[in-house]
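To start, the structure itself, in C-alpha cells.
The values are calculated or read from the model by the stated rules, or taken from the named source; none is laboratory data. In this text, all values refer to a predicted model and were calculated from it rather than measured experimentally. All Cβ positions, glycine included, derive from the backbone under ideal geometry; neighbour counts span all protein chains shown. These area figures cover heavy atoms from the full protein model, side chains too; ligands, DNA and RNA do not enter into them. Shrake-Rupley method; radii C 1.70, N 1.55, O 1.52, S 1.80 Å.
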Amino acid sequence: MSAADNAPLLRVENLCMRFGGLTAIDDLSLDVQAGQITAVIGPNGAGKTTFFNCLTGFYRPTSGRVRLNHPQRGELHLEALDSHQVASRAQVVRTFQNVRLFPKMTVLENLIVAQHNRLQRASFFSLAGLLGLPGYRRTEQAAIEIAVDRLTRLNLIDRADAVAGDLPYGMQRRIEIARALCVDPLLLCLDEPAAGLNPRESAELNELLQSLVQGEGLAILLIEHDMSVVMNISDHICVLNYGCKIAEGSPLQIQNDPQVIKAYLGEDDEDDDDFDGVEPALATESES
Amino acid sequence: MVVLAHQAPSVAQRCKDAGAVAAIALLLGIPMLGLTTVDQGGSLLVATRWPTLAIFVALCFAGRLLARYAIDALQARARRRPAATLLRPGARHQLSLWLGWGCFGVALALPFVFSDNRYIVDTATTVLIYVMLGWGLNVVVGLAGLLDLGYVAFYAVGAYAYAVLSTQFGWGFWQALPVAGGLAASFGLLLGWPTLRLRGDYLAIVTLGFGEIVRIILVNWTALSGGPNGIASIPRPSFFGLPFKPGDDSATFAGFFGLDFSPLHRLIFLYYLILALAMLTNLFVSRLRRLPIGRAWEAMREDEIACKAMGMNVTNVKLSAFAIGAMLGGLAGVFFAARQGFISPESFTFNESAIILAIVVLGGMGSQLGVVLASLVLVLLPELGRDFAEYRMLLFGTAMILIMIWRPGGILSQRQPTLRHRAEAGAAP
C-alpha cells in the first residue's frame, strides 16, 4: 500500500531451520511491508512459531537471510543478531504464544522494564540514578508517561498498579502487547494475540492493530488461528504447512486456494489421523 | 503422610500417621541408638540399648501425634478467620516500615544500654555481619534469582585481601576497603562469566564448586594465605587515625577524648562501623532496586526470555548482579578480618554459604527487613541454644522447619512495587 514503491521493511529469503533430521522451516521467503498487517497461518506444527524464533534471534537459522530495512540504521541482518539486539537495534519486537509477563511485578513496572535500555543509558550505569540527578529523573518521568499512554490506549490504565500475574488471561495478553509497544517497534510480531480472548475482546484487538498500522505506519506480523481476526484485518497472508509456504496472497485469494483448504481440512479420501490439529473451519469462518 | 483433607482426620488415621513416623524412627534408630560400641579390654564390642531405642520410638510416636493435632488446629483456625481481618498490603507495608525503623533504633541504642556487656555487643556485631552478607546475597538470589551456594568465596576474598594488604603492605582499613570490594567484584565477574547460560540447580552446583575452589586455594597457597594456619595479627581499624590503645597521650582514642582506656571502646566502635556499613549496603541496595538495573534484575528472575525480547542484554544484567553481590560480600569480609584479627580457611566453609542463603530464603526472597529478622533468628538461636550443647543444631533445624511451615515464602514475602502510577500522577518527589 503506502510502501509499495519502496523496498519491503522485512525481506526473508530462503530461510531454512533444521533440528537434526527435522526440517521445521523449508526454504521460506516472505516480504513484510511497512504499514501493513501480514498474517502467517497454518495448521499446528507448521513452523509458525519457529519462524518467529528465527526472526527474533531466539534460533539461529540453518540457512537463509532475514534483512530488515531500517529507516535510520540501514540494512540489518537479523539472522546474525542476538535476540536482545533484534529488539534494541532492529526494533523488531515480539510477543509470545504463552504469555510471558513478569508476573510478580506490577503492570506499570512491566512496561517500564520494556524501556530498560533508554533508562539504563540515562542512569549512566546507575550512577546518575543513585545520586538522583535531574536528567535521570526526567527520563524516568518520560518513561512513565509513555507507559501510561500505552496503558490508556489498551484500556488498562485502571490496572496499572495491579500485580500482572494476578490479572485475567485476556488482560495479560493485552499487557504483553502494551509492553511490546513500549520498546518502540518498527515491526511487531504477535504470536496468537487473540488466543483466549472472547469475541468482544478480539474485536477490540482488531481495532487496535488496525489503528497501530494505519496511525503509526507500524508493520505487524501476525500468527493467528482465529480466522475472524486474520481474514478481517490482514493485508497479506502467508500459509505454512510442514515448514513450507503453500500459498500467499490477499485474504480472498487464500480463502479460495485449494492447497490451503486441503492443508486445513484434509482430502476426502485421506485418513483424518494425519491432521490431529485440524483448525477452525476456514471457509465458514470467513463469512463472519 | 500429610493429611490434606479439610475435615479433621479420625483417631485411627492419626495413629496410623504417627505409627508410620515411629516405624521410620525405629528403622533409623536401630543403627543410631539401638547398637553401640563399647571398649572392653582394648577390643571393641557391640552392645545393645533396646530400652533407649524404645523410649525414642515412643517419643517420636507421641511427638508426631501432638504435632499433627497442633498443626491441624492452627490450620483450622486460619481457615475460620475471615479474609477481611487480614492486613491490607498498604497497612502491611506501613507496619514493616515501622518495624524497620524500630530495629534501626534498637541497633543504635544497643551499645549504650549494654555498654558493659562485652558478650552482647560482640554477638550483635556478628548479627550485623550476617545482615550485611544477607543483603549482599539478596541482590543475587532474592532480586536476580540466581541461586548462589558459594557466596562465602567473596567474603573470603574480601577478608584475605585486607589481611594480605595490611600485613604485607601496611595498608590501612579504609584504604583497603574499596580495593578489596573491587577485587571481590571482579571475582564475582569471574564466577558470573562461565555460568551465564546456567540456571537453577545447575548454577547452584557450579557456585558451590566455586566456593570450594576458593577455600582450597586458600588452604594450599601457603605463600600468600598462610595455608591452614591462616593470617594472624591483622591490624585493627583505628578511629580516624586514633588507635584503641592504652595510654594517656592524645594519640590514642581514649587519651584524645579524655576517657579511661577500656577494651570495650574498640568493640563498640567496631559495632558502629558494621552498623554503618550495613546501613550503607541497605541504602545502596534499596536504591538500586528502584533503578533500571534493579528492575532488570527482578524481571530477569521472572522471565529471562521475555527480557531478551524486550531488548535487554541479559549478560550484562546477570554480571552486574554477580559483581555487586560479590562486592558487598567482599566489604563484609574486610570488616570480618579487621574485627577478628585472625583469619583462616576454617571461617569460609560451605556451612557459612548455607547459613547466608538460609537467611535470605527464610527472610523472604528480596525482602530487606526479612533478612534482618532471619539473621536475628539464625545467629541468636545457636547462641541462645549454647546451654543445650550438642542439641543446639537440632533446635536450629527445628526452628528453620517451623518457619518454612508457618511462612513458606519467608518471614516477609510481600513484594513492594518500585513505582506506582497513582503516586506518580499526584506528586512526583
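Candidate membrane-span-like segments in chain A, meaning DSSP H helices with Cα atoms spread over at least 15 Å of their own axis and a Kyte-Doolittle mean of -1.0 or above, are A:134-153, A:169-181, A:199-216, with no membrane implied. The value obtained for region A:15-84, namely the Cα convex hull volume divided by the number of residues, is 99 Å³ per residue. In region B:107-414, a dipole from Cβ-located charges (positive for Lys and Arg, negative for Asp and Glu) runs towards its positive end, and of B:V379, B:G410, B:L273 it is B:G410 whose Cα lies farthest in that direction. Extension gain for B:Y202-B:A232 works out to 7.1 nm (0.36 nm per residue, less the C-alpha to C-alpha distance). Counting Cβ atoms of other protein chains within 10 Å of each residue's Cβ and taking the mean over peptide A:98-104 gives 5.
For region A:28-33, the Karplus equation 6.51 cos²θ - 1.76 cosθ + 1.60, evaluated at θ = phi - 60°, returns couplings of 8, 10, 7, 10, 10, 8 Hz by residue, with Gly and Pro reported as x.
Packing order of peptides B:305-311, B:415-421, highest average first: B:305-311, B:415-421 (average count of other Cβ atoms within 10 Å over each peptide's residues).
Above 51 angstrom, tally the Cα pairs of the protein assembly as shown and express them as a % of all pairs, no decimals.
In whole percent, the long-distance tail amounts to 30.
For chain A, with all protein chains in place and a probe radius of 1.4 Å, 48% of the accessible heavy-atom surface sits on carbon or sulfur.
Once the Cβ-Cβ distance of A:I246 and A:N155 is raised to the sixth power relative to R0 = 25 Å, the FRET efficiency obtained is 0.10.
Once B binds A, the 1.4 Å probe can no longer reach about 3300 Å² of accessible area, counting both sides.
Can you sort B:F336, B:F104, B:F388 by solvent-accessible area, 1.4 Å probe, largest first? Before the final figure, lay out the partial values.
Details: B:F336 25, B:F104 60, B:F388 115 Å².
Final ranking, largest accessible area leading: B:F388, B:F104, B:F336.
Please report the spacing between the Cα centers of region A:192-216 and region B:194-269 in Å, no decimals. Each part's Cα centre sits 61 Å from the other's.
Mean sequence separation of contacting Cα pairs (under 8 Å, at least six apart), scaled by the length of chain A, corresponds to a relative contact order of 25 percent. When chain A is treated as a GNM with alpha-carbon contacts under 10 Å, the residue of A:A128, A:A87, A:A147 showing the greatest mean-square fluctuation is A:A128.
Normalised by the number of residues in region B:107-414, the mean separation of alpha-carbon contacts (under 8 Å, six or more apart) gives a relative contact order of 34 percent.
For region A:125-248, relative contact order (Cα pairs under 8 Å, six or more residues apart, normalised by length) works out to 18 percent. Close amide H contacts of A:H236 (hydrogens built in the peptide plane, cut-off under 5 Å, sequence separation of 5 or more or a different chain): A:I37, A:A39. What FRET efficiency do you get for B:L189 and B:L224 if R0 is 30 Å and r is their Cβ-Cβ distance, rounded to the nearest 0.05? In this case the efficiency is close to 0.90. Per-residue SASA remark: A:E13, around 50 Å² accessible (1.4 Å probe; ligands, DNA and RNA not included). Over chain B, DSSP H runs of length four or greater, each weighted -39,500 (n - 2.57), average out per residue to a 222 nm ellipticity of -22000 deg cm²/dmol.
Once every Cα of chain A carries one equal point scatterer and solvent is ignored, give the base-10 log of I(q)/I(0) from the Debye formula at q = 0.08, 0.10, 0.12, 0.14 Å⁻¹, two decimals. Results for chain A at q = 0.08, 0.10, 0.12, 0.14 Å⁻¹ read -0.36, -0.56, -0.80, -1.06.
Surface composition of region B:45-152: carbon and sulfur make up 73 percent of the accessible area, probe 1.4 Å.
Rolling a 1.4 Å probe over the heavy atoms of the protein chains gives the protein assembly as shown an accessible area of 48 Å² per residue. Each of B:S367, B:S250 has its accessible area taken with a 1.4 Å probe; listed largest first, they run B:S250, B:S367.
Less than 15 Å Cβ to Cβ from B:N282, Lys/Arg counted +1 and Asp/Glu -1: what total charge do the surrounding residues give?
Every neighbour counted, the sum reads +3.
Rounded to the nearest Hz, the phi-derived 3J(HN,Hα) couplings of region A:96-111 under the Karplus curve 6.51 cos²θ - 1.76 cosθ + 1.60 (θ = phi - 60°) are 10, 4, 9, 2, 10, 8, 9, x, 8, 8, 6, 4, 4, 4, 4, 6, where x marks glycine and proline.
Summarising the overall dimensions of region B:107-414 from its C-alpha atoms, the Rg and Dmax are 19.8, 67 angstrom. Excluding residues on the same chain fewer than 8 positions from A:K48, give the lysines whose Cα lies under 16 Å from its Cα. Partners found: A:K245. Of the complete DSSP H runs in chain B, those spanning 20 angstrom or more by Cα along the long axis with a mean Kyte-Doolittle score not below 0.0 are B:11-29, B:50-80, B:89-113, B:118-137, B:152-169, B:173-192, B:200-220, B:263-289, B:314-340, B:368-384, B:392-406. Between the residues A:F58, A:C16, A:G132, the greatest Cα displacement towards the positive end of the dipole of chain A, with unit charges on the Cβ of Lys, Arg, Asp and Glu, is found for A:G132.
Taking every alpha-carbon pair in region B:254-332 and binning the separations at 5 Å intervals from zero gives 3, 12, 17, 16, 12, 9, 7, 6, 5, 5, 3, 2, 1, 0 percent.
Return the loop-located chymotrypsin sites (Phe, Trp or Tyr not before Pro) in region B:181-287 (DSSP other than H, G, I, E, B) with at most 10 other Cβ atoms within 10 Å of their own Cβ; answer none if there are none.
In loop regions of region B:181-287 (DSSP not H, G, I, E or B), the sparsely surrounded chymotrypsin sites (Phe, Trp or Tyr not before Pro) are B:F240.
Dipole magnitude for region A:103-183: about 220 debye, using +1 per Lys or Arg Cβ and -1 per Asp or Glu Cβ, origin at the Cα centre.
For region B:309-355, a drop of 10 Å² or more in accessible area on going from the chain alone to the assembled protein chains (1.4 Å probe) is found at B:A309, B:M310, B:G311, B:M312, B:N313. Among the residues of A:107-115, the average count of other protein chain beta-carbon atoms within 10 Å of the residue beta-carbon is 6.
In region A:167-188, comparing the full protein assembly with the chain on its own, the residues that lose 10 Å² or more of accessible surface at a 1.4 Å probe are A:R179, A:V183. Charge dipole (Cα centre; +1 on Lys/Arg Cβ, -1 on Asp/Glu Cβ; no other charges) of the protein assembly as shown amounts to roughly 3380 debye. Relative to the Cα centre, the charge distribution of chain B, modelled as +1 at Lys and Arg Cβ and -1 at Asp and Glu Cβ, gives a dipole magnitude of about 1620 debye.
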